[in-house]
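A short write-up of the structure that comes next.
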Amino acid sequence: MNKFYLLLFIVFFSSCKRTTTNDSSAKASFIDFSVFGNDKIKIDSTLINTSKDEAFKAFYKKYKYETAWNSKDNRDFIIEEISNAENECLQTKDYNYNTLKSLEEKFEQLPDSSIVKYDLLLTNSAQLYINHISKGKLNPKNLYKDWDLEEKTIDVNKILFDCIDNNNFKNSIEDCKPQHIVYKKLKSCLKLLHQFPEETTFALIDLKQRIVPNKKNIYIPIIKKRLMYWNDMKEKDTLFSTIYDKKTQDAMKTFQARHGLKPDAVIGRSTIEALNYSRNQRIEQIVVNMERWRWFAHDFGKHYLLINIPDYSIVAVKENDTTQIQKVVVGKETRRTPVLESKVSNINLNPNWTVPPTILKEDIYPEAEKNKGIFRKKGLIILDRKNNEVNPWTWTKEDANKYKYVQNPSRNNSLGSMKINFPNKYSVYLHDTNHRDFFSFSYRSLSSGCVRLEKPLEMAAYIINDTTKWSLKRIKDTTDIKYYLKLQRKKQIEIDKKNAKLLAKNPDLVIEKKVFAKPELKTIVIKVTDEIYIHQLYWTAWETNGILNFREDIYCLDSNLYSKLRY
């Protein structure tokens, strides 16, 4: 009997005193006391329920208002992950790293009340970190009016429960991060940039005129220094010569190609701006681009069109294979191409163009007030609410908003021969253009917001994906007025041959001449049956085969975003 009470006393004593680690239990001389108790400490529920964070409250409700971070391995993993937050371009201070590390180092000496506070802080920090690596630190909808990305919903507790209950920390946390190759390679960019020496002095190039090959310029030594710094000029060269020589030209072409500029060795405004970026400014670009990639969809779908606005490019990807690459023209700074995610719905061949309100207000109306001939010059038809045509010479600014202004289908229509529609609140689309010379420019931020395609009919054939009904040849014929004129001439020849035979038999026969109506292009709407997503995105940095690539921040978003992320 005395032995029984002694055992109860030992059990009671052990339950009042916090067990240190699982290892200490394993080292007990002859009794495993863990069967009688555990390391969990009861938490006053008022410490939790006063929080406004529903996920935080639900977390501790699941664990019956007891400490959840009882395993040292679990605590160590989260603290170590937070310590590496800079690898994700996040800041350890946002997740209380120094405080957590300090508490963990003296964990064995902490009273129960401090362990409870530590547990609560670790939960709060882990939840915040998971939210940030999953969907970003900031919400783009709170920053931009022309960004419409589907807001991610993250069940942070489900992730943490999987981590704690199934000891699945490594996989669960890693799966929260964007898995797209561009995001992963941005991490490589960060490592590469940190390998460059930090610049103590940075000489800016203030150039008023272009520098052309084989000419002298006082800035050539500084330019050479920049090219050698970025490893575009592999061999060391004298910094005293001011001649823009062949070696420097070749290095400049490499530099220009990395920055999406025409690699012609001519040093103009865009090249100078790129040269004037410091290493730390490039690191800032990586920071903001990684944040953007946390905003973007983690799964683009199996088949999608991906537009990088600052790179002026579109790629089509199907089952991880790139199937199309084209140049594009995007919106000018004052009429930006919106960032959005949608799905292709249909294609219009020979589209007509109804002029949107912004272009009417800012372009058409001011010109029409000076010269009403602008309507015919631009091929615009004015229609009233009953679709009756209005004489442009009777147009007045007072009645302007009563009408709609339309360009009929033609190759010189502002939409060209084709447009690709997808649901969005900005009324934008992909389309052909009557300004095909724009694609020869390296700077192509020139449209009114829509994206113009370099090879629109090839893209249409690709998306329609029906070589029987809509081969590329048929699409080209359908959108070419010359094709219809050719058909008319062919038909006329056949009629003339038939009439000639009739007249040969009966010379007095009177044959009425066939008069063909002038052919017109008709708008054809083709529904897209394949599920093809479209992603119009914005990123200005990436890495390819160890080579850093940067693009001009055409909408001036990088610096402002960086300041918001860091303060």
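The values are calculated or read from the model by the stated rules, or taken from the named source; none is laboratory data. Nothing here was measured: the structure is a model prediction, and the numbers come from that model. Ideal geometry is used to build each Cβ from the backbone, glycine not excepted, and the neighbour counts take in all protein chains shown. Only protein heavy atoms, including side chains, enter the accessible area calculation; ligands, DNA and RNA are left aside. Shrake-Rupley method; radii C 1.70, N 1.55, O 1.52, S 1.80 Å.
Values for this structure:
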quantity: Flag if Gly373 is in contact with a Ser or Thr (Cβ under 7 Å, 6 or more places away or on another chain) and small (Gly, Ala, Ser); calculated: no
quantity: Residue count for the range 218-231, restricted to those that are surrounded by 12 or more Cβ atoms within 10 Å (Cβ to Cβ) and over 29 Å from Ile283 (Cβ atoms); calculated: 0
quantity: Number of positions in the range 296-312 that are of a type in the set (Gly, Ala, Ser) and either crowded, with 19+ Cβ neighbours inside 10 Å or more than 20 Å from Ile463 (Cα to Cα) (or both); calculated: 1
quantity: In the range 538-556, residue farthest from Trp470 (Cα to Cα) [restricted to those that are assigned to a loop (DSSP other than H, G, I, E, B) and open to solvent by less than 50 Å² (accessible area, probe 1.4 Å)]; calculated: Gly546
quantity: Residue pairs meeting the criteria (Cβ under 9 Å; at least 6 apart or on separate chains; first closer than 12 Å to Thr123 by Cβ and of a type in the set (Phe, Trp, Tyr), in the range 159-177; second part of a helix (DSSP H, G or I) and at pLDDT 90 or above); calculated: Phe161/Phe59; Phe161/Lys62
quantity: Residues of the range 232-270 that turn out to be open to solvent by 30 Å² or more (accessible area, probe 1.4 Å), over 32 Å from the mean Cα position of the chain (by Cα) and polar (S, T, N, Q), as a count; calculated: 3
quantity: Candidates Thr396, Thr354, Thr358 - the one that is among the polar types (S, T, N, Q), surrounded by fewer than 16 Cβ atoms within 10 Å (Cβ to Cβ) and free of Cβ contacts under 8 Å to residues at least 40 places away in the same chain; calculated: Thr396
quantity: Filtered residues of the range 150-180 (kept if within 15 Å of the chain's Cα centre (by Cα) and either of a type in the set (S, T, N, Q) or open to solvent by less than 10 Å² (accessible area, probe 1.4 Å) (or both)); calculated: Pro178, Gln179
quantity: Among residues of the range 45-61, those that are open to solvent by 90 Å² or more (accessible area, probe 1.4 Å) and over 14 Å from Lys117 (Cα atoms), counted; calculated: 4
quantity: Selection status of Lys57, basic (Lys, Arg), modelled with pLDDT under 95 and either under 19 Å from Asn157 (Cα atoms) or not in a helix (DSSP H, G or I) (or both); calculated: no
quantity: Test: Val390 is touching a residue at least 24 places away in the same chain (Cβ under 8 Å), surrounded by fewer than 19 Cβ atoms within 10 Å (Cβ to Cβ) and more than 22 Å from the chain's Cα centre (by Cα); calculated: no
quantity: The range 104-114, subset in contact (Cβ under 8 Å) with a residue 24 or more places away in the chain and of a type outside the set (A, V, I, L, M, F, W, C), residue least open to solvent (accessible area, probe 1.4 Å); calculated: Glu104
quantity: Matching option when the condition is in contact with a His (Cβ under 9 Å, 6 or more places away or on another chain) and in contact (Cβ under 8 Å) with a residue 12 or more places away in the chain, among Ile286, Ile307; calculated: Ile307
quantity: Lone qualifier among Pro263, Pro310, Pro356 - being at pLDDT below 95 and closer than 30 Å to Asn434 by Cβ; calculated: Pro356
quantity: Residue in the range 399-411 that is within 19 Å of Asp477 (Cα to Cα), open to solvent by 50 Å² or more (accessible area, probe 1.4 Å) and charged (D, E, K, R) present; calculated: yes
quantity: Unmet criterion (only one of (1) over 30 Å from Asn139 (Cα atoms); (2) in contact (Cβ under 8 Å) with a residue 24 or more places away in the chain; (3) open to solvent by 10 Å² or more (accessible area, probe 1.4 Å)) for Lys377; calculated: (2)
quantity: Qualifying residues in the range 76-103 (those that are open to solvent by less than 20 Å² (accessible area, probe 1.4 Å) and assigned to a helix (DSSP H, G or I)) - the one farthest from Arg292 (Cα to Cα); calculated: Leu100
quantity: Members of the range 188-204 found to be open to solvent by 50 Å² or more (accessible area, probe 1.4 Å) and either basic (Lys, Arg) or touching a strand residue (DSSP E or B) at 6+ places or on another chain (Cβ under 7 Å) (or both), listed by number; calculated: Lys191
